[in-house]
Amino acid sequence: MSAGEQYSSASSEARDLWALLSVVLEAVTLPYDAYDYDERIRERAGEAKSAVRDAINQGPDRLGWHTDWLRHRLTAEQADAQAREKNRCRRCRTPFDPADGRFDGNARHRETPWCRGCVDNCHEGGAEHVCKICDPARYGGEPR
Ligand SMILES: [Zn+2]
Ligand SMILES: [Zn+2]
């Protein structure tokens, strides 16, 4: 159900404002355990701020436009974050560097979500070494 249907007795201006408020709230809300929380929340708050600032400057007739714009920016931010997440090592969080030719460098190790450095670290590690790459079951992942 859209905001409009839910509050059918409200004026359309009030509904437009309601919709903008909802998107602003969404903009400044991220799970606290999101990996780069600080950086992402800053970016999203920045987008929300410029949408609200422009909406205030341009008056009530343009609320819908700013709501759509902000919604669009949030979708783009989400997609960027997912792409970053896919392109870095899941253990050390370093971005993969396909140009890094070192056997223990930052290139991706085969088709795995790990970098070569972390995988090499498993091989080099002493008897006490365990991590989520070489012993995934211990870390709540799927054994391989
Ligand atoms: Zn790594
Ligand atoms: Zn390991």
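Among (1) farther than 26 Å from Glu39 by Cα; (2) touching a residue at least 12 places away in the same chain (Cβ under 8 Å), where does Arg91 come up short?
(1) is the only condition that Arg91 fails.
Considering only residues of the range 47-59 that are loosely packed, with under 13 Cβ neighbours inside 10 Å and not charged (D, E, K, R), which is nearest to the chain's Cα centre (by Cα)? First the steps, then the outcome.
At the first step, the residues of the range 47-59 found to be loosely packed, with under 13 Cβ neighbours inside 10 Å are 53, 56-59.
Among the residues that remain, those that are also not charged (D, E, K, R) are: 56-59.
On the way: Ile56: 28, Asn57: 30, Gln58: 30, Gly59: 31 Å.
Out of the qualifying residues, it is Ile56.
Just the residues that are touching a strand residue (DSSP E or B) at 6+ places or on another chain (Cβ under 8 Å) and either within 9 Å of ligand 1 (Cβ to nearest atom) or touching a residue at least 12 places away in the same chain (Cβ under 8 Å) (or both), please, taken from the range 101-122. Walk me through it before giving the result.
Of the range 101-122, the ones touching a strand residue (DSSP E or B) at 6+ places or on another chain (Cβ under 8 Å) are 105-109, 114-116.
Result: Gly105, Asn106, Arg108, His109, Trp114, Cys115, Arg116.
Take the residues in the range 68-96 that are closer than 17 Å to Glu43 by Cα and polar (S, T, N, Q), then tell me which one is farthest from ligand 1 (Cβ to nearest atom). Outline the logic, then answer.
Filtering the range 68-96 for residues closer than 17 Å to Glu43 by Cα gives 69-85.
Next, from what is left, pick out any that are polar (S, T, N, Q): 75, 78, 82.
On the way: Thr75: 29, Gln78: 24, Gln82: 19 Å.
Checking each candidate, the answer is Thr75.
What residue, among those in the range 62-80 that are in contact (Cβ under 8 Å) with a residue 24 or more places away in the chain and charged (D, E, K, R), is farthest from Lys49 (Cα to Cα)?
Looking only at the range 62-80, we keep the residues that are in contact (Cβ under 8 Å) with a residue 24 or more places away in the chain, and these are 63-64, 66-67, 70-71, 73-74, 77.
Still in the list and also charged (D, E, K, R): 71, 73, 77.
Details: Arg71: 13, Arg73: 12, Glu77: 15 Å.
Step by step, filter the range 62-80, then rank; the result is Glu77.
Please indicate, with yes or no, whether at least one residue in the range 132-140 is surrounded by 15 or more Cβ atoms within 10 Å (Cβ to Cβ), at pLDDT below 95, near ligand 2 (Cβ under 10 Å from one of its atoms) and of a type outside the set (Lys, Arg).
Start the filter on the range 132-140 by keeping residues that are surrounded by 15 or more Cβ atoms within 10 Å (Cβ to Cβ), which leaves 132-134.
So of that shortlist, the ones also at pLDDT below 95 come out as 132-134.
Going one step further and asking which of them are near ligand 2 (Cβ under 10 Å from one of its atoms), we end up with 132-134.
After this cut, where a residue has to be of a type outside the set (Lys, Arg) as well, the list is 133-134.
Scanning the range 132-140, I find at least one residue that is surrounded by 15 or more Cβ atoms within 10 Å (Cβ to Cβ), at pLDDT below 95, near ligand 2 (Cβ under 10 Å from one of its atoms) and of a type outside the set (Lys, Arg), so the answer is yes.
Yes/no matrix, rows are residues, columns are (1) among the aliphatic types (A, V, I, L, M); (2) out of contact with any Asp or Glu (no Cβ under 8 Å at 6 or more places or on another chain); (3) not in a loop (DSSP other than H, G, I, E, B):
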{"residue": "Asp16", "(1), (2), (3)": "no, yes, yes"}
{"residue": "Val23", "(1), (2), (3)": "yes, yes, yes"}
{"residue": "Asp33", "(1), (2), (3)": "no, yes, no"}
{"residue": "Arg42", "(1), (2), (3)": "no, yes, yes"}
{"residue": "Gly46", "(1), (2), (3)": "no, yes, yes"}
{"residue": "Trp65", "(1), (2), (3)": "no, yes, yes"}
{"residue": "Leu74", "(1), (2), (3)": "yes, no, yes"}
{"residue": "Gln78", "(1), (2), (3)": "no, yes, yes"}
{"residue": "Pro113", "(1), (2), (3)": "no, yes, no"}
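Please tell me if Asp54 is modelled with pLDDT under 95, out of contact with any Ser or Thr (no Cβ under 7 Å at 6 or more places or on another chain) and either in the same structural domain as Leu17 (by TED's automatic domain parsing) or closer than 15 Å to Leu21 by Cβ (or both). Please lay out each step first, then the result.
Working: modelled with pLDDT under 95: no; out of contact with any Ser or Thr (no Cβ under 7 Å at 6 or more places or on another chain): yes; either in the same structural domain as Leu17 (by TED's automatic domain parsing) or closer than 15 Å to Leu21 by Cβ (or both): yes.
Answer is no for this residue.
For the range 76-94, does any single residue satisfy the condition of being exposed (fewer than 12 other Cβ atoms within 10 Å of the Cβ), closer than 30 Å to Trp18 by Cβ, modelled with pLDDT of 95 or more and not acidic (Asp, Glu)?
Checked against the condition, which is being exposed (fewer than 12 other Cβ atoms within 10 Å of the Cβ), closer than 30 Å to Trp18 by Cβ, modelled with pLDDT of 95 or more and not acidic (Asp, Glu), the range 76-94 yields at least one hit.
Would a scan of the range 17-38 turn up a residue that is of a type outside the set (Lys, Arg) and touching a strand residue (DSSP E or B) at 6+ places or on another chain (Cβ under 7 Å)? Before you say what the answer is, go through the steps one by one.
Residues of the range 17-38 that are of a type outside the set (Lys, Arg), as a first pass: 17-38.
Within this subset, residues satisfying the condition of being touching a strand residue (DSSP E or B) at 6+ places or on another chain (Cβ under 7 Å) are none.
So far as the range 17-38 goes, no, none of its residues is of a type outside the set (Lys, Arg) and touching a strand residue (DSSP E or B) at 6+ places or on another chain (Cβ under 7 Å).
Quick check, is Ala107 small (Gly, Ala, Ser), more than 18 Å from Tyr35 (Cα to Cα), more than 10 Å from ligand 2 (Cβ to nearest atom) and in contact with a helix residue (DSSP H, G or I) (Cβ under 7 Å, 6 or more places away or on another chain)?
On the way: small (Gly, Ala, Ser): yes; more than 18 Å from Tyr35 (Cα to Cα): yes; more than 10 Å from ligand 2 (Cβ to nearest atom): yes; in contact with a helix residue (DSSP H, G or I) (Cβ under 7 Å, 6 or more places away or on another chain): yes.
Yes.
The values are calculated or read from the model by the stated rules, or taken from the named source; none is laboratory data. Bear in mind that the values here come from a model prediction, so they are computed numbers and not experimental data. FYI the Cβ positions are ideal-geometry reconstructions off the backbone, even for glycines, and counts take in every protein chain you see.
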